Amino acid sequence: MSNSKGSALIFTLMVILILTVLGVSILELSLTEFKISASYGNDVLSRYAAEAGLDILKSEFNTNLLTALKNNAQRIIDNNYDMEKGTYKVSMDQLYSLIFNDTKNYLYSYVFNKYLNEGNVALGNTGQIYNISNITFTQDEGMQYIIHIETVGIYRNIKSYGHADLILNLQATGNPITISNWTIDNIPPSN
């Protein structure tokens, strides 16, 4: 009987050791889940920031801007039309080129440059930041143009990238702006 007196202590210590290891494992698992959840939340907030940059630039294409662009195009058409002969003074390709250059200059002067030069912009006091990093303006056909926008959304140390292609059709009846591509991802644009 004297040999079994210490066995209860050893058994108790083994149970305490097993419970301690189990508790540490559960704590580590909980911390890992917390880190994954926080990382996912940061990723979502950076995506929202990138999308905010796209939305903000898209919102510039309001009725006033679209009316100004259409009026400028009509002015160029009128200035290059010979009323007496009933024909254009330049070829249609040249006319489209004149309208494209005027529209491009107008957009870069009054819209795009203010976003391209502003750098990182905070979204309130949330810690989210967006940056409109690149805007290209190309002619598709006739008086239809493609506006490619690239943004970066940042929250803490996570970056997300927004890419959008807006189609501006100055000959369209109704809304001249359509979206052909709108993507938010964690892959930087290839240059």
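The values are calculated or read from the model by the stated rules, or taken from the named source; none is laboratory data. Just so we're clear, the structure is a prediction, and the values are computed from it rather than from any experiment. Cβ placement follows ideal geometry from the backbone for every residue including glycine, while neighbour counts extend to all protein chains displayed. SASA here: full protein model, heavy atoms, side chains in, ligands and nucleic acids out. Shrake-Rupley method; radii C 1.70, N 1.55, O 1.52, S 1.80 Å.
Kindly indicate whether any position in the range 91-110 is over 14 Å from Tyr145 (Cα atoms) and in a strand (DSSP E or B).
No: the range 91-110 contains no residue that is over 14 Å from Tyr145 (Cα atoms) and in a strand (DSSP E or B).
Considering only residues that are of a type in the set (Asp, Glu) and in contact with a strand residue (DSSP E or B) (Cβ under 8 Å, 6 or more places away or on another chain), which ones fall in the range 29-87? Let's see the steps before the verdict.
Filtering the range 29-87 for residues of a type in the set (Asp, Glu) gives 33, 43, 51, 55, 60, 78, 82, 84.
Matches in the range 29-87: Asp43, Glu51, Asp82.
Spot the failing condition for Ala38; the list is (1) within 21 Å of Tyr155 (Cβ to Cβ); (2) crowded, with 16+ Cβ neighbours inside 10 Å, and only one is missed.
Exception for Ala38: condition (2).
Given the criterion within 17 Å of the chain's Cα centre (by Cα), open to solvent by 70 Å² or more (accessible area, probe 1.4 Å) and among the β-branched types (Val, Ile, Thr), identify the matching residue among Ile158, Ile187, Ile135.
Numbers: Ile158 fails: open to solvent by 70 Å² or more (accessible area, probe 1.4 Å); Ile135 fails: open to solvent by 70 Å² or more (accessible area, probe 1.4 Å).
Among Ile158, Ile187, Ile135, only Ile187 is within 17 Å of the chain's Cα centre (by Cα), open to solvent by 70 Å² or more (accessible area, probe 1.4 Å) and among the β-branched types (Val, Ile, Thr).
Among the listed residues Gly153, Gly142, Gly174, identify the single one that is over 16 Å from Ala50 (Cβ atoms) and open to solvent by less than 50 Å² (accessible area, probe 1.4 Å). Step through it out loud before you land on a result.
Values: Gly153 fails: over 16 Å from Ala50 (Cβ atoms); Gly174 fails: open to solvent by less than 50 Å² (accessible area, probe 1.4 Å).
Selected residue: Gly142, the only one of Gly153, Gly142, Gly174 that is over 16 Å from Ala50 (Cβ atoms) and open to solvent by less than 50 Å² (accessible area, probe 1.4 Å).
For Ala52, state whether it is surrounded by 16 or more Cβ atoms within 10 Å (Cβ to Cβ), touching an Asp or Glu at 6+ places or on another chain (Cβ under 9 Å) and either among the small types (Gly, Ala, Ser) or at pLDDT below 90 (or both).
Values: surrounded by 16 or more Cβ atoms within 10 Å (Cβ to Cβ): yes; touching an Asp or Glu at 6+ places or on another chain (Cβ under 9 Å): no; either among the small types (Gly, Ala, Ser) or at pLDDT below 90 (or both): yes.
No; evaluated as a whole, the condition is false for this residue.
Hey, does the range 51-68 have a residue that's of a type in the set (Asp, Glu), touching a Gly at 6+ places or on another chain (Cβ under 7 Å), closer than 27 Å to Asn186 by Cβ and in contact (Cβ under 8 Å) with a residue 24 or more places away in the chain?
Going through the range 51-68, the residues of a type in the set (Asp, Glu) turn out to be 51, 55, 60.
With the extra rule that they be touching a Gly at 6+ places or on another chain (Cβ under 7 Å), the set shrinks to 51.
The next check asks that each one be closer than 27 Å to Asn186 by Cβ; those that pass are 51.
Applying the additional criterion that residues be in contact (Cβ under 8 Å) with a residue 24 or more places away in the chain yields 51.
The answer is yes; a qualifying residue exists.
Take the range 177-191 and flag every residue that is of a type in the set (D, E, K, R) and over 15 Å from Leu54 (Cβ atoms). Working first, answer last.
Taking the range 177-191 and keeping what is of a type in the set (D, E, K, R), we get 185.
Passing the criteria: none in range.
Among the residues of the range 114-124, are any in contact with a helix residue (DSSP H, G or I) (Cβ under 8 Å, 6 or more places away or on another chain) and buried (at least 19 other Cβ atoms within 10 Å of the Cβ)?
yes
Are any of the residues in the range 76-83 outside any helix (DSSP H, G or I) and open to solvent by 90 Å² or more (accessible area, probe 1.4 Å)? First the steps, then the outcome.
Just the residues of the range 76-83 that are outside any helix (DSSP H, G or I), to begin with: 80-83.
Those left that are additionally open to solvent by 90 Å² or more (accessible area, probe 1.4 Å): 83.
So far as the range 76-83 goes, yes, one or more of its residues are outside any helix (DSSP H, G or I) and open to solvent by 90 Å² or more (accessible area, probe 1.4 Å).
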